[in-house]
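Structure first, commentary second.
The values are calculated or read from the model by the stated rules, or taken from the named source; none is laboratory data. These numbers come from a predicted model, not from an experiment. Using ideal geometry, Cβ is built from the backbone for each residue, glycine included, and neighbour counts are taken over all protein chains shown. Remember, those area values only see protein heavy atoms, side chains included, never the ligands or the DNA or RNA. Shrake-Rupley method; radii C 1.70, N 1.55, O 1.52, S 1.80 Å.
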Amino acid sequence: MFLFYFFQQCVIKLNVKNTGTEPVYFTYYTALHWLKYFTLMDEHKVTKLSPLSLKPGDSYEIQVQFNCSLVGFYPATLAFEFKPDLQPSSAAFYIVRFIEAQCITSLGLELAPEAPYKPRSLPVWTAEAPCEIVDGQQPEGYHPLLNIPLIQTYSLPYICVLFRRALLESPLSWENYTEKFELLLYLEELQMEVDIKRYNIPNDEKECAVMYQDPQNKKLLVLEVPGVSENRPSVLRGDQLLVCPVGETKVKYRGYVHCVQLDQVKLGFSSKLLDRFIEGMQFSVEFTVNRLTVRLQHRAAELATTHRLGKVFHVFTGSTIPTFPVLCLCKLFDCKLERNPEQYRAVQHIVAGSSKPAPYLVFGPPGTGKTVTLVEAIKQIEKTEHSCHILACAPSNSATDLLCKKILEHVDEHKVYRMYASSWDPKMVPGELKACCNLVGECYTFPAKEELMKYRIMVTTLFTAGRLVTGGIPTGHFTHVFVDEAGHAVEPECVIPLAGLLNAESGQVVLAGDPKQLGPILRSPFALKFGMGISLLERLMTDFPVYCKEDGVFNNCFVTKLLCNYRSHPAILKVPNELFYDGELQVCADEILRNSYCRWEYLPKMGFPVIFHGVAGIDQREKTSPSFFNVAEVEVLMDYVRKLLLSHGKRGLSTIAPRDIGIIAPYRKQVQKIRKALEKVGKDFKFKNMNTLKVGSVEEFQGQERKVIMVSTVRSSPDYTDYDKMFNLGFVKNEKRFNVAVTRAKALLIVVGNPVVLNTDPTWAHFIKYCQDEGGYTGFTHAEEDEDVVARLAVLSLEIGSVIQQQLDPEWRSDM
Ligand SMILES: Nc1ncnc2c1ncn2[C@@H]1O[C@H](COP(=O)(O)OP(=O)(O)OP(=O)(O)O)[C@@H](O)[C@H]1O
């Protein structure tokens, strides 16, 4: 194997040597891949018609020239044919050699793996001997929800008894609501416990962990946990883990997580450990499941029954459909919505409480204005109902922040309170929300309920809403509960802001979302199989006729379907519209904005602002981190970033700043590498505010939009796609992730990826074909070559299976 780094062109020499004891004829040779880029030459011009005799000890030189201007990684197979004599009947024999060429820039070299990937081996756990546990230091200002009642913690055998198939298989009804969700939650928690144990680090000198003192705060110890930023294992601020010095068994030290940074956690321990700590001390580590989120959901499932939320969720079993309400003619804060009759009517119905006590649903494809409709309704209610108190929630912090920012566009900040959980990194709080949230200095505070009850609008994630229940906010205080991105949460999570807070008779619930975008994330295959993967929004839409079309129309008293996309250029919408929305989506985005990149000089085809850039990269890992990255894709992305920012202000082109660009990548390591590369590009080209260019996972981009979106798909080896599925990562074989990623762009969408791997997934194959047909495809292609390989192998009478198998095997490189 040969590996060489270069730019565009390189020549190397190969020697064919007869190391045997008999003469042989060298009759033919060829490269089987990347024929466009490899040229093979020899002086004698060896062919079957012009063979070359090689006596024992003779060697013969072949020149391999590699010519390529596309960054990437090009492994090829070279096949050589020999014959013992030139009789037509004599059998040929073959020697196959692999060659690799990499076209890489200086930036790519900087981003290369810091050290080879060396996964930690999975520990074998033996029965635990009883030991003393020394408690550690919790983070300052950390207020766990201590007084959530501990709802029965079942032991494992009891779970087995509980594992009642009949209950799991019976449809969800109001009669079995609490019982069924509790069972599903236990199954999920059991899986969480099994999963987290895989990350434990054993009490063994070869495999143990080494901690060091935090240079910024000597009271904290830093532990490297590769994968923690991708929730493998899931560790949040305030969580606990146990460490034990290697070789000891009697005492374990409990450490509290003060912060999670990239692949490190900073831990607070007792002075008993700090006093004896020496740099480089070795430890075993046990991770523990944080039960808080599960307990909050158990409580919600239980309170849903005691607070009779059946009136809210199952009200339409009888003939209680309300009569048509009186709608007010309101003047909207966002006057654009007045021009869309569906949005306007939805606001009117929500304000009138037409669906009460049932939830009002606003659903529809991406960019159709669900969030702005919700926010407008919140503002109208705040303006018109003087006794109202509104709770506005979303599953993720980024979607909740977005809601809050939009509310603050028209509501006085003294009336709004954004409450964060103690576990949320204070550095992630956006500057514009600092004046109206519970972050004081570096710490979160949690005011008494009397204080909280003074705010007209409370904005929290679904989980943090549980703090309001724990804090004793009385039922009925919140007259309206809004949940955006409701399709992304499991039902008991979505019920957290309702159960215990909502008055089932008089409260109004509004849910917005799109079941075709990211859905609930679950670990347990059983919880998934028995229905927990269906969100409350989706269940209401499928189980209750009032939310379904009757005679081809929806009943606007209960539900509004939005179909006008105000975000994107039609070329960006075409594939998701066809694949997920039956072509119903209408293009309504502002013409000037959506066309602002149609004349960009780097488009493969003018007027078509979608680029698929094929890159033959490799998905790599480094050190002990399980997360993947693809350097070649980062190089291509940075080339586009540079071109975009350099074209800022050019005549005829729209202005662009880093904040108008978003980069979506499926793995944390790729996100880190992109950030590092952006820093360099920013410095080299003196671009300002590069930190406002958002780089993140699809989850972080759900609900977001940017003028230009780039997507790095990373995967270059088909062998890892099942691994992605298992860990709920990546883009391949995950159509909801695909849908969210490609629908964030307003004017320009650039997808960078390996078409060979992506074409194995029907959704991506559709997208790539679309780009090819429309002229938006650029970068490397492979299709014609495959046929060529077959033809060449046929000439050599080699079997395709064996050679291709070696080409595709991700381990073959390291074997050589
Ligand atoms: N009636 C309208 N007229 C003009 N622009 C609108 C209108 N409604 C929404 N928009 C704009 O469309 C974009 C998308 O809106 P919004 O984020 O509310 O959509 P969404 O349906 O919540 O999207 P997603 O499903 O991706 O979260 C925003 O820029 C918003 O300002």
Across region 3-103, how many lysine pairs, 8 or more positions apart or on different chains, have C-alpha atoms separated by under 17 Å? Please give the number.
7
In nanometres, the difference between 0.36 nm per residue of separation and the alpha-carbon distance of residue 58 and residue 331 is 89.1 nm
Per 5 Å bin, what percent of the C-alpha pairs of region 337-471 does each bin hold, from zero upward?
2, 10, 19, 22, 21, 14, 8, 4, 1, 0
Distance in nm between label sites at residue 204 and residue 405, each 7 Å beyond Cα in the beta-carbon direction?
4.8 nm
Rounded to the nearest 0.05, FRET efficiency between residue 133 and residue 704 (Cβ-Cβ, R0 56 Å) equals 0.85
If R0 = 56 Å, then residue 339 and residue 167, at their Cβ-Cβ distance, give a FRET efficiency to the nearest 0.05 of 0.65
With an 8 Å Cα cut-off and a minimum separation of 6 or more residues, compute the relative contact order for region 3-103 in percent.
38 percent
Region 3-103: equivalent-ellipsoid semi-axes (sqrt of 5 x gyration tensor eigenvalues, Cα, Å)
28, 13, 11
Let's test this: bin the Cα-Cα distances of region 305-562 at 5 Å from zero up to the farthest pair and state each bin's percent.
1, 6, 14, 18, 21, 18, 12, 7, 3, 1, 0, 0
Residue span residue 118 to residue 582: 0.36 nm per residue of separation minus Cα-Cα distance leaves a gain in nm of 162.4 nm
Cα convex hull of region 376-448 - mean projected area over all directions, nm²
5.2 nm²
Give me, ordered by chain and number, the residues 5 or more places off residue 717 or on other chains with an amide H under 5 Å from its own placed amide H.
619
How much area per residue is accessible in region 365-462 when the probe is 1.4 Å and only protein heavy atoms are counted (Å²)?
37 Å²
With every protein chain kept in place and ligands, DNA and RNA left out, what is the accessible area per residue of region 3-103? Probe 1.4 Å, answer in Å².
51 Å²
Mean separation of Cα contacts under 8 Å (at least 6 apart) over the residue count of region 511-639, i.e. the relative contact order in percent, is 13 percent
If r is the Cβ-Cβ distance from residue 653 to residue 212 and R0 is 41 Å, what FRET efficiency results, to the nearest 0.05?
0.25
Rg (Å, one decimal) plus Dmax (Å, integer) for the alpha carbons of region 558-638?
17.9, 54
Once the in-chain neighbours fewer than 8 apart are removed, the lysines whose Cα is under 28 Å from residue 118 read 197, 206, 252, 266, 623, 669, 673, 676, 680, 725, 733
One finds the C-alpha centres of region 636-666 and region 283-299 to be spaced, in Å, by 42 Å
At 222 nm, what helix-only mean residue ellipticity would the chain give, in deg cm²/dmol to the nearest 500, using -39500 (n - 2.57) for each DSSP H run of four or more?
-8000 deg cm²/dmol
Cα long-axis angle, helix 341-352 against the chain (0 to 90 degrees, to the nearest 10):
40 degrees
At a 1.4 Å probe radius, carbon and sulfur cover how many percent of the accessible area of the chain?
54 percent
Relative to the chain, whose Cα atoms define the longest principal axis, helix 397-408 and its Cα axis are tilted in degrees, nearest 10, by 50 degrees
Mind checking Rg over Rh on region 570-781, alpha carbons, Kirkwood formula for Rh?
0.94
Please report, in Å, the Rg and the Dmax of the chain, where both are computed over Cα atoms only.
30.3, 101
Per residue, how much accessible area does region 467-573 show when a 1.4 Å probe rolls over the protein heavy atoms, in square angstrom?
30 Å²
Leaving out same-chain residues fewer than 8 places away, which lysines sit with a Cα under 16 Å from that of residue 707?
643, 694, 746
The alpha-carbon center of region 391-412 and that of region 197-227 are separated, in whole Å, by 37 Å
Kirkwood Rh, region 276-419, all Cα pairs: how many Å?
18.7 Å
Lysine-lysine proximity count for region 382-511, Cα under 21 Å, sequence distance 8 or more or distinct chains:
17
Helix 292-306 vs. the chain, principal-axis angle (Cα, 0 to 90°, nearest 10)
40 degrees
5 angstrom amide H check on residue 281, placed H, neighbours 5+ away:
211
The size of the Cβ-based charge dipole (Lys, Arg +1; Asp, Glu -1) of the chain about the Cα centre, to the nearest 20 debye, is 1840 debye
If you average the sequence gap of Cα pairs under 8 Å that are 6 or more apart and divide by the length of the chain, what percent do you get for the contact order?
12 percent
Projected convex hull area of region 75-119, Cα atoms, direction-averaged, in nm², equals 6.0 nm²
Please work out the Cα center distance from region 44-70 to region 448-471, rounded to the nearest Å.
76 Å
Work out how much length residue 388 to residue 553 would gain on full extension: take 0.36 nm times their residue separation and subtract the Cα-Cα distance, in nm to one decimal.
56.2 nm
Which GluC sites (Glu not before Pro) in region 161-218 sit in a loop by DSSP (not H, G, I, E or B) and have at most 16 other Cβ atoms within 10 Å of their own Cβ?
175, 205, 207
